[in-house]
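S.K.: One structure is given below, represented as structure tokens, and several questions about it will come after.
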Amino acid sequence: MKINKKQTPMKEQPPEVRKHNFNEVPLGYSKEEAILEASRCLQCPTHPCIDGCPVHINIPGFIKAIRENNMQLAIDIIHQSNSLPAVTGRVCPQEDQCQAVCVMGKIGDPVAIGRLERYVADWDLDNRRKGEFKLPKKEKPNGKRVAIVGSGPSGLACAGDLIKKGYDVTIFEGFHKTGGVLVYGIPEFRLPKSIVHEEINLLEKLGIKIVTDVLIGRTMTIPELLNNGFDAVFIGAGAGLPRFMHIPGENLAGIYSANEFLTRVNLMKAYKFPEYDTPIKKAKRVAVIGGGNVAMDSARTALRLGAEHVYLIYRRSRKEMPAREEEIYHAEEEGIEFNLLTNPVRYIGDERGFVKSAECIKMQLGEKDASGRRRPIPIEGSEFTIDVDQVIVAIGTTPNPIIPRTTAGLKTGRHGTIWADENGATSVKGVFAGGDIVTGAATVITAMGAGRKAADSIDKYLRGKL
Ligand code: FAD
Ligand code: SF4
Ligand code: SF4
């Protein structure tokens, strides 16, 4: 049989339409398209794709099941390693992970593993909506209690594994909504919130308790949790503290961190003000600083809020941009104006203290720096200004120090991350950690993998085997 070298395309909203709405951009495969794409998999005996996936999903196994139109088997295989496939199928950087090492990539396009994962996960969600669904099996209650700090992917994955092992699990979440960055960071047009909520509902049906509006380190501390009946704690509090450039004018009104901007829009529905009571400035000319996924999400969100010009300002070249290729491509298609090899040096305000322009400088690339990328160097005398009425700074985040500050003996690492060993154990007995709070800002699937690893270690620890 002749194998198609090209990936089966996925339908998406056209750029001219989608830039005016918050609906999801890619529309997913039909069953026929999924089976067609699955038939491109070579079922390689060495299956490098499995090693490319941070949680080692049996990729050829689930793809074979799709090819044989056995979607139940496909989802069962995926669920053995991944509890949030509808999320990862949409947002995983597949091109750098499972698909990067797919053998088909040597002769054509790699198999569209992420799209196939999404198809099967959506099939499963549809079944659940129709009530055609059995809850996963759970071991008998073992009388031990575990507290999870944070309801992002690491906390949810850890909680999901522990509840199935018979533990009494309570998640404490600082915000009023659960899901972490999946709900307050990644916008609706990339990851519909309803999908995240359906996954969380399933965990609640399994018996996980979720307490929102509780900030650990303020309302209660980690030592207090351990002294009040919890046998172990998992910290999955993420890295939500924004970084700034500390340049003149950065405190002017109209300049937001990407975190604040996206949280207001995603979680507090600021785009529906005054129907929802959190306001946001609907600007006409917006500058977004940065080149990662967060910058792309901010730029595309600003566009959907009605901006006429959105400038993306990034100090390196397109090649060094850390954002997913698909997000860069989508942003370009929607008309985001890329100002590459450019950096802001100061912001200028009007008489009311609102930002009115950004002074930028052109950059050139020098030698490689510690990150392995070529260091950007300012070109003297190349300064120019861009008129803007809003700036969104998306240059990275670090963990909030509130938990280390209130937990005696908790060792920290670079940029305030929490130190944990290969089992996810921290320097405090009974306290485990994983996800962005340990690694610094990373990905959904690595955070989930860390949550699952810690669940395994907590289980061993509470059975006296660690
Ligand atoms: P988080 O998701 O940050 O969750 C931590 C949770 O803990 C939050 O709900 C927070 O409110 C809560 N919390 C914090 N402190 C406390 C406390 N003291 N007490 C109680 N609760 C607390 N990754 C990808 O793989 N693909 C993408 O396309 C992608 N896009 C992204 C876009 C944006 C805008 C952002 C910000 C990130 C993106 N990421 C992406 C990264 C990914 O979302 C994160 O790596 C992942 O969510 C980390 O999971 P986590 O569980 O460690 O933390
Ligand atoms: Fe690929 Fe991510 Fe799915 Fe793993 S979880 S198979 S890396 S898309
Ligand atoms: Fe299929 Fe690619 Fe994995 Fe080979 S490497 S088994 S072609 S997905």
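S.K.: Taking only C-alpha pairs under 8 Å that are 6+ residues apart, what is the relative contact order of the chain in percent? Mind dumping the intermediate values first?
M.R.: Numbers: 974 pairs, mean separation 72.4, N = 466.
Normalised by residue count, the contact order of the chain is 16 percent.
S.K.: In whole Å, what is the distance between the alpha-carbon centres of the stretch 273-342 and the stretch 73-138?
M.R.: 28 Å
S.K.: Turning to a different aspect of this structure: Lys and Arg at +1, Asp and Glu at -1: add these up for the other residues within a Cβ distance under 14 Å of residue 205 and post the number. If you can, show how the numbers build up before the last one.
M.R.: Working: positive: 128, 129, 134, 137, 138, 164, 209; negative: 198, 199, 204.
Summing Lys and Arg as +1 and Asp and Glu as -1 gives +4.
S.K.: Where nothing but the Cβ of Lys and Arg (+1) and of Asp and Glu (-1) is charged, how large is the charge dipole of the chain around its Cα centre, in debye to the nearest 20?
M.R.: 880 debye
S.K.: So, one more: Distance check, please: which entries in 130/205; 144/205; 282/319; 165/209 exceed 23 angstrom between their Cα atoms?
M.R.: Values: 130/205 16 Å; 144/205 19 Å; 282/319 31 Å; 165/209 15 Å.
Flagged as over cut-off: 282/319.
S.K.: Can you give the accessible area per residue of the stretch 411-466, in Å², using a 1.4 Å probe? Spell out each step's value before the answer.
M.R.: Values: 2540 Å² over 56 residues.
Normalised by residue count, the accessible surface of the stretch 411-466 is 45 Å².
S.K.: A further question on this structure: Loop only per DSSP, at most 14 neighbouring Cβ atoms within 10 Å: give me the chymotrypsin sites (Phe, Trp or Tyr not before Pro) in the stretch 184-272, ordered by residue number. Walk me through the intermediate numbers first.
M.R.: On the way: sites: 184, 189, 230, 234, 244, 256, 261, 271; in loops: 189, 230, 244.
Here the sparse-neighbourhood loop sites are 244.
S.K.: For residue 171, list long-range residues whose amide hydrogen, built 1.01 Å from N in the peptide plane, is under 5 Å from its own amide hydrogen.
M.R.: Amide H to amide H, under 5 Å and 5 or more residues apart or across chains, residue 171 pairs with 148, 209, 210, 211.
S.K.: With charges only on Cβ, +1 for K and R and -1 for D and E, what is the dipole size of the stretch 330-457 about its Cα centre, in debye, rounded to 20?
M.R.: 860 debye
S.K.: Per residue, how much accessible surface does the stretch 67-121 expose to a 1.4 Å probe? Answer in Å², no decimals.
M.R.: Values: 1970 Å² over 55 residues.
Accessible surface, normalised per residue, equals 36 Å².
S.K.: Residue 398's amide H: which non-local residues (gap 5+, or another chain) put their own amide H closer than 5 Å, with H modeled 1.01 Å from N in plane and none for Pro or chain starts?
M.R.: When sequence neighbours closer than 5 places are left aside, the close amide H contacts are 241, 243.
S.K.: Rounded to the nearest 5, what % of the DSSP beta bridges within the chain are antiparallel ones? Don't skip to the answer; put the middle values down first.
M.R.: Working: 20 of 52 bridges.
Expressed as a percentage, antiparallel bridges in the chain total about 40.
S.K.: In units of 2.2 N^0.38 Å, what is the alpha-carbon radius of gyration of the stretch 393-465?
M.R.: Numbers: Rg = 12.8 Å, N = 73, 2.2 N^0.38 = 11.2 Å.
That ratio works out to 1.14.
S.K.: At q = 0.08, 0.12 Å⁻¹, work out log10 I(q)/I(0) for the chain with the Debye formula, treating every Cα as an identical point scatterer and leaving solvent out; two decimals please.
M.R.: -0.50, -1.13
S.K.: Along the positive direction of the dipole of the stretch 119-268 (beta-carbon charges: Lys, Arg +1; Asp, Glu -1; about the Cα centre), which of 206, 237, 143 reaches farthest?
M.R.: Farthest along the dipole direction, towards plus: 143.
S.K.: If I compute solvent accessible area with a 1.4 Å probe over the protein chains, what percent of it on the chain is carbon and sulfur?
M.R.: Taking all protein chains in place, the chain shows 52 percent carbon and sulfur surface.
S.K.: Using the Cβ atoms and a cut-off under 10 Å, what net charge is assigned to the surroundings of residue 144, where Lys and Arg are +1 and Asp and Glu are -1?
M.R.: On the way: positive: 145, 165, 463; negative: 168, 231, 459.
Neighbour charge sum, excluding residue 144 itself: 0.
S.K.: Over the Cα atoms of the stretch 1-150, what Rg and Dmax result, in angstrom?
M.R.: Using the Cα atoms of the stretch 1-150, the pair Rg, Dmax is 17.1, 57 Å.
S.K.: When DSSP beta bridges are limited to those with both residues in the stretch 249-367, what percentage is antiparallel, rounded to the nearest 5? Each step should come with its number before you reach the end.
M.R.: On the way: 7 of 16 bridges.
Beta bridges within the stretch 249-367, antiparallel portion: roughly 45 percent.
The values are calculated or read from the model by the stated rules, or taken from the named source; none is laboratory data. Note that the structure is predicted; figures quoted are calculated from it, not measured. We place every Cβ from the backbone using ideal geometry, glycine too, and count neighbours over all the protein chains shown. Ligands, DNA and RNA are stripped out before the accessible areas are found, and what is left, the full protein with its side chains, is counted by its heavy atoms. Shrake-Rupley method; radii C 1.70, N 1.55, O 1.52, S 1.80 Å.
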